[in-house]
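Working notes for the structure below.
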Amino acid sequence: MDRCRLYLVTPPTLPPGFADTLAAALDAGDVACLQLRLKDALPDEIRRWTERLMPVAQARDVAFLLNDDAPLAAEMGCDGAHLGQGDGDHAAARRLLEGRILGITCHDSRHLAMEAGELGADYVAFGAFFPTATKDAKHHAEPDLLAWWTEMMEVPCVAIGGITAANCGPLVRAGADFLAVVGAVWNHPDGAAAGVRAMNAAIAAAR
């Protein structure tokens, strides 16, 4: 991949009118995919949000991924799933999601990333690169991990963890294919659309 793209992750909780906020954000600039990440929600609530948000993303050619749950992603017809290290059998998920996107969290581990690549993951996610309020980050990754992976492997890599328009430059230059962001977009003082524009401008400037 010759350019880095934005990978949007939903906020931890979604307000009632979030579909409209999402549409405005996706219309504001290039976004490769949207991950629905509702850690504390029950499956039925996740199904409802998927039904609401997936059409918004797919209408704009933005891939819709479900966090943590490959069977539910398959059931709902999502474009794929993103799995952490503790989220079930990755090999079974790869078979279940044949022809769809499977991403795997690899923290700061070259070994886990190699395993994910051998398994057939469509991307590996490294992080956290910076302090983040979204989750309790037990692992810290450095940009040289992205550079090593990009040089060694064809499988795309996602950088995640506290990434903003102000600090993303070194990750783009190190070879990240995607930057996964939450707060940089949804908590932007001028709104989510401005957050998307700011991130895309920062990515372009870093190249």
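With helices as the sole contributors, the chain gives -11500 deg cm²/dmol at 222 nm; each DSSP H run of n ≥ 4 counts as -39500 (n - 2.57), and the sum is divided by every residue.
Are there GluC sites (Glu not before Pro) in the range 77-160 that DSSP puts in a loop and that have at most 16 other Cβ atoms within 10 Å, and which ones?
Details: sites: E98, E115, E118, E151, E154; in loops: E98, E154.
Taking the range 77-160 and a limit of 16 other Cβ atoms within 10 Å, the loop GluC sites (Glu not before Pro) found are E98, E154.
Note on the chain: GNM, Cα springs under 10 Å; of T50, T134, T105, the largest mean-square fluctuation is that of T134. For the range 146-207, relative contact order (Cα pairs under 8 Å, six or more residues apart, normalised by length) works out to 35 percent.
What dipole magnitude, in Debye to the nearest 20, does the chain give about its Cα centre under +1 on Lys/Arg Cβ and -1 on Asp/Glu Cβ? Let's see the in-between values first.
Details: 17 positive and 27 negative charges, 81 e Å.
Roughly 380 debye for the chain.
Each reported figure results from applying straightforward, stated rules to the coordinates on display, with no laboratory input. Please read these numbers as outputs of a predicted model, since none were measured by experiment. Ideal geometry is used to build each Cβ from the backbone, glycine not excepted, and the neighbour counts take in all protein chains shown.
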